[in-house]
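Below is one structure; the comments refer to it alone.
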Amino acid sequence: MADIWTKEDELSILDMIDKWVENEVRPIAQEHDQNDTYPTDLVEQMKELGLFGATISQDYGGLGLPAAIYAKIVMKVSSAWMAPSGVFNSHLIQASAIERSGTDAQKEYFLPKMATGELRGAIALTEPNAGTDLQAIRSTAVRDGDDYIINGSKTWITNSLHGNVLAVLVKTDPNAKPAHRGTSLFIVETKDEQGNFKAGITVSKLKKFGYRSIDTCEVIFEDFRVPAANLIGGEEGKGFLQAIGGLELGRINVAARGAGIALGAMELAVRYAQERETFGKPICQHQAIQLKLGEMATKVEAARLLIEQAAAKFDAGERCDMEAGMAKYAGSEAGVFCANEAMRIFGGYSYSVEYDIERFYRDAMLMCIGEGTNEMQRIIIAKQLVERYKI
């Protein structure tokens, strides 16, 4: 990357994040999660820390962090509370799409505002009938003079209620073959200067099993007008490739979030296993518990190493869909495994909201679904494996 970070820089920023997580994030996590309340003060702190510009180039006011450092930040945050990491992850995927594929005017206008958090956004891809299969989207954008008119609905869109800008994938040519050639990606500013939603857009927060507090919503567009100048790259038919181009970073992020959950669950379990006694001794001295802890620790470290490998390839500008897929698969499954095993170690207390472990358990499964299901990750890995070992 053009923005150079030394090892000393890395240690400094990770130390700052570590203190912030322990002092500001961990203490409020359970209360916000249980009440499903948005962590407004925490988001303001994220702005001050520069997290909304974490991977945006310094040319546009961001930190320009490499994926290797960014993943470590995400893992640390998620080891205390996974949900806040989703706020800046979704935002940075949108910023990445603009920085990679946008026009000069789009980059110069949007990226500095996104780097400071003045504009906070997300990427609106998923629809009620289309998740992993993005070519099946039904939302449309029709040219009308200097504008496009968008109609359709998106679902599971993070940052759409409290944020103010979205990258929206639509069909500008529903008859294109193959279907992805008919898709386009638009930068949509959803609110006016007073912070009210513009005409033609309705946003409704969804209730969720886990990943609470964060504004995951259904977004409905009805004759919503967006300037033609906001078509990313200025050319129709490129939307699918522009959207999935940012998913490698997104999958590294999700891998780190899953690994963070795994790490946090393991740390809680190790502590509790030393405090809880049965049959006259701490349960960490029972072989059955030791077997669980040993496997948890191994899965955490394996996920961490796969994330480092994927991030290194991403930072070097190399193709890393296989490595990102492996990291995402391993990291998210480690999160589910460690949260589940920690629940068993905590026993009946794992069902009490007084203990954080139940939140880790509820949050973990989302990582197996987000940014492409783990079933899809295994297919990607297999296809790349065959390609690399072709006979």
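The values are calculated or read from the model by the stated rules, or taken from the named source; none is laboratory data. Small disclaimer: the values here were computed from a predicted structure and weren't measured. Glycine also receives a Cβ, built like all others from the backbone with ideal geometry; neighbour counts cover every protein chain displayed. In case anyone asks, the SASA skips ligands and DNA or RNA and just uses the protein heavy atoms, side chains included. Shrake-Rupley method; radii C 1.70, N 1.55, O 1.52, S 1.80 Å.
Each of the peptides 187-198, 275-286, 215-226 was scored by the mean count of other Cβ atoms within 10 Å over its residues; in descending order, highest first, they stand as 215-226, 187-198, 275-286. Within the accessible area of the chain, the carbon and sulfur atoms contribute 51%, probe 1.4 Å, all protein chains present. Ranking THR298, ALA327, ALA316 by Cα position along the charge dipole of segment 285-348, where only Lys, Arg, Asp and Glu carry charges on their C-beta atoms, puts THR298 farthest toward the positive end. Its Cα centre serving as origin, segment 1-150 has a Cβ charge dipole (Lys and Arg +1, Asp and Glu -1) of approximately 320 debye. Between GLU275 and ARG344, the FRET efficiency estimated from the beta carbon spacing at R0 = 22 angstrom works out to 0.85. At 25 °C and 0.890 mPa s, what whole-number value in µm²/s does Stokes-Einstein give for the translational diffusion of segment 210-257, with Rh from the Kirkwood sum over Cα pairs? D, rounded to a whole number, is 175 µm²/s. Over the residues of the chain, the helix contribution to mean residue ellipticity at 222 nm works out to -16500 deg cm²/dmol, using -39500 (n - 2.57) for each DSSP H run of at least 4.
Label-to-label distance for LYS383 and LYS7 is 3.9 nm, based on points extended 7 Å past Cα in the beta-carbon direction. Between helix 287-315 and the chain there is an angle of about 30 degrees, using the helix long axis and the longest principal axis of the Cα atoms. Partner aspartates and glutamates whose Cα lies under 15 Å from the Cα of LYS19, excluding those fewer than 8 positions away in the same chain, are identified as GLU10, GLU48. Taken about its Cα centre, segment 187-259 carries a charge dipole of about 520 debye when Lys and Arg each add +1 at the Cβ and Asp and Glu each add -1 at the Cβ.
For the pairs LYS107/LYS177; LYS154/LYS177; LYS72/LYS313, flag any whose C-alpha to C-alpha distance is greater than 19 Å. Numbers along the way, then the final one.
Numbers: LYS107/LYS177 30 Å; LYS154/LYS177 23 Å; LYS72/LYS313 15 Å.
Table pairs above 19 Å Cα-Cα are LYS107/LYS177; LYS154/LYS177.
Rounded to the nearest 20, the Cβ-based charge dipole of the chain about its Cα centre (Lys and Arg +1, Asp and Glu -1) stands at 1200 debye.
Taken one residue at a time, the phi angles of segment 7-22 give Karplus couplings (6.51, -1.76, 1.60, θ = phi - 60°) of 5, 5, 4, 4, 4, 5, 5, 5, 5, 4, 5, 4, 5, 4, 4, 6 Hz. Gly and Pro are set to x. Once the cut-off is 17 Å, how many percent of the Cα-Cα pairs in segment 255-391 end up in the long-distance tail? Counting every Cα pair in segment 255-391, those more than 17 Å apart make up 61 percent.
So what does log10 I(q)/I(0) come out to for segment 18-125 at q = 0.10 Å⁻¹, using the Debye formula with one equal point on every Cα and no solvent? For the requested q values the scattering log ratios are -0.28. Which parts of segment 139-168 would a label at THR37 reach, counting a residue when its backbone N lies under 12 Å from a point 7 Å out along Cα-to-Cβ? Inside the label zone: nothing. Each principal axis of the Cα cloud of the chain was taken in turn, and the coordinate range along them, longest first, works out to 79, 59, 43 Å. Ignoring ligands, DNA and RNA, what accessible area per residue does segment 251-391 give at 1.4 Å, in Å²? Counting only protein heavy atoms, the per-residue value for segment 251-391 is 50 Å². Principal-axis analysis of the Cα atoms of the chain puts helix 104-116 at an angle of about 30° to the longest axis.
With all pairs of different C-alpha atoms in the average, the Kirkwood value for the hydrodynamic radius of segment 215-313 is 17.9 Å.
Segment 1-80 and segment 123-179 have Cα centres separated by 29 Å.
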